[in-house]
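Novice: Shown below is the structure under consideration.
The values are calculated or read from the model by the stated rules, or taken from the named source; none is laboratory data. This structure is a prediction, so every number in the text was calculated from the model and none was measured. Neighbour counts run over all protein chains shown; Cβ positions are idealised from the backbone, glycine included. Protein only, heavy atoms only, side chains kept; ligands, DNA and RNA dropped before computing areas. Shrake-Rupley method; radii C 1.70, N 1.55, O 1.52, S 1.80 Å.
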Amino acid sequence: MTVSVEPTVGSTSVMFKYKLTNDSSQTVWAVHSPTVSVIPDGGRKSGVVAAMAFFPVRRDVNYVQPPYETVVKLEPKQTVEGSASMQRPFNPYDDLEGDKKVALPSKPTSIRLCIGYVAADELPAGQPGGLSSDKWKMDRDIGYRLQRKFACSKPTPLK
């Protein structure tokens, strides 16, 4: 999987127009959601990641409906386009009020977009489920367990 981006870095926001391409020989389901979580970039001390991914589901909370992510199916060699935007200063990923905040670098110098995906042949029956005739969802707990890799763009310098 590869992701290429056209970044727009402003003083109050960052926007990525992206193309996600499945260059593997297997069908995958990728997160394709307007929700982006900002987390520290483990590979770059002063960088951050805009993550469209499956995050763990809390077990100490009763959900009205199971938490899910919007996903898109990508056959081999297929490409999907989308966009993601984040307000600056970045708000780090957090789960619930009162939880320990995720610490981001005080002055991040780069940002990259990372998109999580799972192999279609590993999914249990009933996943993904339909939201409408052309939109799909995958339960976060299943996606998180099966998400093995991420497609990440090259870092974009922040001004």
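Novice: Could you give the dipole magnitude of the chain about its Cα centre, charging the beta-carbon of Lys and Arg +1 and that of Asp and Glu -1, in debye to the nearest 20? Display every interim value, and only then the final one.
Specialist: On the way: 21 positive and 16 negative charges, 126 e Å.
For the chain, the charge dipole is close to 600 debye.
Novice: Now, a different point. Quantify, in whole percent, the carbon and sulfur part of the accessible surface of the chain (1.4 Å probe; protein heavy atoms only).
Specialist: Carbon and sulfur atoms account for 50 percent of the accessible area of the chain.
Novice: Also, quick follow-up: Name the residues whose placed amide hydrogens come within less than 5 Å of the amide hydrogen of residue 156, ignoring near sequence neighbours (fewer than 5 apart) on the same chain.
Specialist: The list, which skips near neighbours in sequence, is 111, 112.
Novice: For the chain, what does the accessible surface come to per residue with a 1.4 Å probe? Please give it in Å².
Specialist: Dividing the accessible area of the chain by its residue count gives 58 Å².
Novice: Which of the following values of Cα Rg over 2.2 N^0.38 Å was calculated from the structure shown: [x] 1.29; [y] 1.05; [z] 1.18?
Specialist: Label [y] holds the value from this structure.
Novice: Any idea how far apart residue 8 and residue 145 come out in nm if each label point goes 7 Å out from Cα toward Cβ?
Specialist: 4.1 nm
Novice: Net charge near residue 74, counting Lys/Arg +1 and Asp/Glu -1 over other residues with Cβ under 13 Å of its Cβ?
Specialist: Combined, the nearby Lys, Arg, Asp and Glu give 0.
Novice: Grab the DSSP H runs of the chain that are 4 residues or longer, score each as -39,500 (n - 2.57), total them, divide by all residues and round the 222 nm result to the nearest 500 deg cm²/dmol.
Specialist: So the helix-based figure for the chain works out to -1000 deg cm²/dmol.
Novice: Among the lysines in the chain, how many pairs, 8 or more places apart or on different chains, have alpha carbons under 19 Å apart?
Specialist: 19
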